[in-house]
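Asks: So that we are looking at the same thing, I have put the structure below in structure tokens.
The values are calculated or read from the model by the stated rules, or taken from the named source; none is laboratory data. Note that the coordinates shown come from a computational prediction; the quantities given were computed from them, not determined experimentally. Cβ sites come from the backbone with ideal geometry, for glycine too, and all protein chains shown count toward neighbours. Keep in mind that these areas ignore ligands, DNA and RNA; they rest on the heavy atoms of the full protein, side chains included. Shrake-Rupley method; radii C 1.70, N 1.55, O 1.52, S 1.80 Å.
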Amino acid sequence: MNSFKIENLVRTNVAKMKPYSSARDEFKADGRKMTFLDANENPFENGVNRYPDPQQATLKSKIAELKGISTSKILLGNGSDEVLDLIFRAFCEPSQDNMISLPPTYGMYKVLAELNQIEDREVLLKVDFQPNVEEILNTVDDNTKLIFLCSPNNPTGNVFSMTLVEKLLNGFNGLVVIDEAYIDFSNEPGWLQALEDFPNLVVTQTLSKAYGLAGIRLGIGYASEEIIEILNKIKPPYNVNELTQQKAAERLRNPEEVEFEIKQILEQREYLEKELQKVDFVKKIYPSKTNFLLVRVDNADLRYSQLLEKGIVVRNRSNQPLCENTIRFTVGTKTENNRLINALNEIAG
Ligand SMILES: *Cc1c(COP(=O)(O)O)cnc(C)c1O
């Protein structure tokens with residue numbers, strides 16, 4: 001198809017509006033030492049008395065270098081949840097437009113749709129947890145602005161087939177958002193390198209999972225310059241705070257440390273899987289490209305509360321379609337995983 005034009009997609013009010021121009025936006029650094037009397041800050045230095053860089057230049061160029069993507073194609077947000085919310089606000093007209101999500105999947109797409117008063121058209125994954133492309137394309141109408149894909153998918157743990165995703169990118173004139181929160185645990189290439197080929201592709205990633213920085217809230221959106229420009233225009237000026245920018249940059253300077261942790265988590269996932277196979281009420285362990293395992297048990301509600309009683313908190317996913325009697329186990333440290341295994345064996349009796 002591809003008569004994709006971003007001008008046709010952006011909301012009229014967003015296209016027309018002028019962004020807030022912050023003190024630090026108006027001032028362009030030229031390398032000289034300046035006296036800052038522009039932003040009504042408290043002048044006494046404590047490390048964070050100044051507003052943070054609204055464009056996060058240092059952190060962005062670090063990410064750009066690491067991912068091999070130009071900074072003009074990167075948007076940073078207060079978690080990827082903010083990036084996703086900005087996408088809704090830029091492109092979806094409340095009580096008029098709709099989006100498509102593919103349950104069982106991450107719960108935030110629906111929450112954001114409800115918050116922004118956008119209809120969420122759900123097209124279930126097939127039994128192999130792959131997208132039902134034909135059904136999705138049949139569900140699209142003139143008001144469908146977004147399709148959300150989560151790959152590797154939470155909670156099913158699998159990666160979507162490249163051929164199927166390409167069919168959606170080619171067959172849909174709105175934005176295809178691919179949430180790659182777990183991509184660093186997989187050996188898959190992901191979709192960043194395909195941005196050149198698909199003007200309607202948006203990829204989101206996060207430092208919350210493999211990078212071990214859930215507490216600082218840093219999400220990343222990647223898309224064409226045109227899309228990023230629109231999202232940049234509507235984002236809150238200081239959406240990524242100074243402490244987050246510093247901490248994230250520091251972590252990105254130590255990729256070997258992150259690699260080492262990922263390696264240990266993947267080894268632990270294998271170990272956990274082997275041990276889970278021995279538990280008699282475990283019926284099925286789904287293959288995972290992530291740092292969690294989706295496991296079908298005999299009675300998820302019962303096993304969930306028994307684990308809770310033993311002080312172990314897991315995620316009961318049974319209320320999700322295709323996930324009856326499933327529990328999602330996050331892979332922890334060796335000690336934590338052994339605690340889980342011991343508890344499961346005790347429960348099994
Ligand atoms: C955990 C997770 C995220 C992370 O969101 P942040 O706001 O960046 O912490 C995003 N998408 C999925 C599918 C997740 O599971």
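Asks: Given a Förster distance of 45 Å, report the FRET efficiency between GLN55 and LYS274 from their Cβ-Cβ distance, rounded to the nearest 0.05. Could the numbers behind the result be given before it?
Replies: Numbers: r = 47 Å, r/R0 = 1.05.
Efficiency for this residue pair is about 0.45.
Asks: Determine Rg/Rh for region 190-335; Rg is computed over alpha-carbon atoms and Rh is the Kirkwood hydrodynamic estimate from the same atoms. Could the numbers behind the result be given before it?
Replies: Values: Rg = 19.3 Å, Rh = 18.3 Å.
Reported Rg/Rh, Kirkwood definition of Rh: 1.05.
Asks: So how strong a dipole does the chain carry about its Cα centre when Lys and Arg Cβ are +1 and Asp and Glu Cβ are -1, to the nearest 20 debye? Walk me through the numbers on the way to the answer.
Replies: Details: 41 positive and 50 negative charges, 107 e Å.
Dipole size: approximately 520 debye.
Asks: For the chain, with every protein chain kept in place, what is the accessible area per residue (1.4 Å probe, Å²)? Each step should come with its number before you reach the end.
Replies: Details: 17140 Å² over 349 residues.
It amounts to 49 Å² per residue over the chain.
Asks: Running a GNM on the chain with Cα contacts under 10 Å, which residue among PHE260, PHE129, PHE88 ends up with the highest mean-square fluctuation?
Replies: Judging by the Gaussian network model, the answer is PHE260.
Asks: For a quick check, take a GNM of the chain with Cα springs below 10 Å and name the residue from SER61, SER95, SER80 with the largest mean-square fluctuation.
Replies: Largest GNM mean-square fluctuation: SER95.
Asks: Please report, as a whole percent, how much of the solvent-accessible surface of the chain comes from carbon and sulfur atoms (probe radius 1.4 Å). Mind dumping the intermediate values first?
Replies: Details: 8310 of 17140 Å².
Carbon plus sulfur share of accessible area: 48 percent.
Asks: Right, here's the next one. Could you list, bin by bin from short to long, the percent of Cα-Cα pairs of region 283-346 in 10 Å steps?
Replies: Once binned at 10 Å, the Cα pair distances of region 283-346 give 22, 58, 20, 0.
Asks: Using a Förster distance of 30 Å, how high is the FRET efficiency between VAL313 and LEU115, based on the Cβ-Cβ distance and rounded to 0.05? Let's see the in-between values first.
Replies: Numbers: r = 27 Å, r/R0 = 0.89.
Using R0 = 30 Å, I get an efficiency of 0.65.
Asks: Using only Cα atoms, find the angle between the long axis of helix 255-277 and the longest principal axis of the chain, and express it within 0 to 90 degrees, rounded to the nearest 10.
Replies: Its long axis makes an angle of about 20 degrees.
Asks: Which entries of LYS18/LYS67; LYS209/LYS284; LYS73/LYS126; LYS289/LYS334; LYS33/LYS235 have Cα-Cα distances beyond 27 Å here? Spell out each step's value before the answer.
Replies: Details: LYS18/LYS67 31 Å; LYS209/LYS284 25 Å; LYS73/LYS126 33 Å; LYS289/LYS334 19 Å; LYS33/LYS235 29 Å.
Where the Cα-Cα span goes over 27 Å, the pairs concerned are LYS18/LYS67; LYS73/LYS126; LYS33/LYS235.
Asks: Just how far, in whole angstrom, is region 273-349 from region 222-260 if you go by their alpha carbon centroids?
Replies: Value for the Cα centre distance between the two parts: 34 Å.
Asks: Continuing with the same structure: Dipole magnitude of region 256-348 about its Cα centre, charges +1 at Lys/Arg Cβ and -1 at Asp/Glu Cβ only, in debye to the nearest 20? Mind showing how you got there, number by number?
Replies: On the way: 15 positive and 15 negative charges, 66 e Å.
Value, rounded to 20: 320 debye.
Asks: Kindly provide the Kirkwood hydrodynamic radius of region 47-176 in Å, to one decimal, from all pairs of distinct alpha carbon atoms. Each step should come with its number before you reach the end.
Replies: Working: mean 1/r = 0.0612 Å⁻¹.
About 16.3 Å, per the Kirkwood formula over Cα pairs.
Asks: While we're here: Given springs between every Cα pair under 10 Å in a Gaussian network model of the chain, which of LYS247, LYS110, LYS145 has the largest fluctuation?
Replies: Looking only at LYS247, LYS110, LYS145, the biggest GNM fluctuation is shown by LYS247.
Asks: Helix-only mean residue ellipticity at 222 nm, the chain, DSSP H runs n ≥ 4 weighted -39,500 (n - 2.57), per residue, nearest 500. What is it?
Replies: Numbers: 13 runs with 130 residues, N = 349.
It comes out at -11000 deg cm²/dmol, rounded to the nearest 500.
Asks: Let me ask something additional. If you fit an axis through the alpha-carbon atoms of helix 242-252 and take the longest principal axis of the Cα set of the chain, what angle between them do you get, 0 to 90°, nearest 10?
Replies: That works out to roughly 60 degrees.
Asks: Counting just the Cα atoms, what span does the chain cover along each of its three principal axes? Round to the nearest Å and put the largest first.
Replies: Here the Cα extents, ordered largest to smallest, are 70, 52, 32 Å.
Asks: How high is the relative contact order of region 37-157, in percent, with contacts defined as C-alpha pairs under 8 Å that are six or more residues apart?
Replies: Working: 122 pairs, mean separation 26.6, N = 121.
Across region 37-157, relative contact order equals 22 percent.
Asks: Remind me, relative contact order of region 200-349 in percent, using alpha carbon pairs under 8 angstrom and six or more residues apart? List each step's numbers first, then the result.
Replies: Values: 171 pairs, mean separation 25.3, N = 150.
Normalised by residue count, the contact order of region 200-349 is 17 percent.
Asks: Using alpha-carbon pairs under 8 Å, 6+ residues apart, how would you state the relative contact order of region 6-251 in percent? Can you show the working numbers first?
Replies: Values: 387 pairs, mean separation 61.1, N = 246.
Here the relative contact order equals 25 percent.
Asks: If I model a spin label as a point 7 Å beyond the Cα along the Cα-Cβ vector, how far apart are those points for ALA39 and ALA214 in nm?
Replies: 3.1
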